[in-house]
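Before anything else, here's the structure in question.
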């Protein structure tokens, strides 16, 4: 398979992180959650006076070290840059767009699909968002279990834990968004087609 050029990788990182941030914007607008470190950051941002972007980047930092050790310097650096860009985009999108009318079901599905597409683009260009993405990529690389399946299991565990902090309907809609996200990954990121290249 022909390798992507460095220019293509950077354009993909820009596109992927913007799509993920846009998806997060839909979820935030409807006060919904998601899985992974993004879900933890969204939940904490509703409980403490710290921005989502700051919480998200800090939560991901330990996983960048894991990415470096398991997948190499380039993948780890790309992932750290991607995580930082999502944090910046997500904290500043409100300056450019606002939603006057919010349909929570639409926000859940659109948010999940956009995040899934963004993550898929990053995975195919030797990057990730850090966090549990790295763990899921490791599981796929080591055991052949697709990213979508392992990510969905982790996301569901996090969303179930959120039952103690948010209303059941919010959890239900958040699960819908998580399913949409992971269907995109499960259908398009098969372990037999794509693997993380080291280096």
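Filter segment 119-148 down to the residues that are part of a helix (DSSP H, G or I), under 14 Å from the mean Cα position of the chain (by Cα) and either free of Cβ contacts under 8 Å to residues at least 60 places away in the same chain or under 22 Å from residue 22 (Cα atoms) (or both) and list them by number.
Of everything in segment 119-148, those that are part of a helix (DSSP H, G or I), under 14 Å from the mean Cα position of the chain (by Cα) and either free of Cβ contacts under 8 Å to residues at least 60 places away in the same chain or under 22 Å from residue 22 (Cα atoms) (or both) turn out to be 119, 120, 121, 122, 123, 131, 132, 133, 134, 136, 147, 148.
Could you list, in sequence order, all residues of segment 149-175 that are assigned to a helix (DSSP H, G or I) and more than 24 Å from residue 16 (Cβ to Cβ)?
Across segment 149-175, the qualifying residues are 157, 160, 161, 162, 163, 164, 168, 169, 170, 171, 172, 173.
Quick one: in segment 176-195, which of the residues that are out of contact with any helix residue (DSSP H, G or I) (no Cβ under 6 Å at 6 or more places or on another chain) and outside any loop (DSSP other than H, G, I, E, B) is modelled with the lowest pLDDT?
Across segment 176-195, the extreme among qualifying residues is 187.
If the requirement is being modelled with pLDDT under 95 and surrounded by fewer than 17 Cβ atoms within 10 Å (Cβ to Cβ), which of these qualifies: 47, 122, 43?
Matching residue, one of 47, 122, 43: 47.
Within segment 149-161, work out how many residues are crowded, with 18+ Cβ neighbours inside 10 Å and in contact (Cβ under 8 Å) with a residue 24 or more places away in the chain.
Qualifying residue count, segment 149-161: 6.
Within segment 2-21, is even one residue at pLDDT 95 or above, within 17 Å of residue 121 (Cα to Cα), within 12 Å of the chain's Cα centre (by Cα) and surrounded by fewer than 20 Cβ atoms within 10 Å (Cβ to Cβ)?
Yes, segment 2-21 has at least one match.
Answer yes or no: is there a residue in segment 102-114 that is in contact (Cβ under 8 Å) with a residue 12 or more places away in the chain, touching a helix residue (DSSP H, G or I) at 6+ places or on another chain (Cβ under 6 Å) and in a loop (DSSP other than H, G, I, E, B).
yes
The values are calculated or read from the model by the stated rules, or taken from the named source; none is laboratory data. Note that the coordinates shown come from a computational prediction; the quantities given were computed from them, not determined experimentally. Counting neighbours? That spans all protein chains shown, and the Cβs are built from the backbone with ideal geometry, glycine included.
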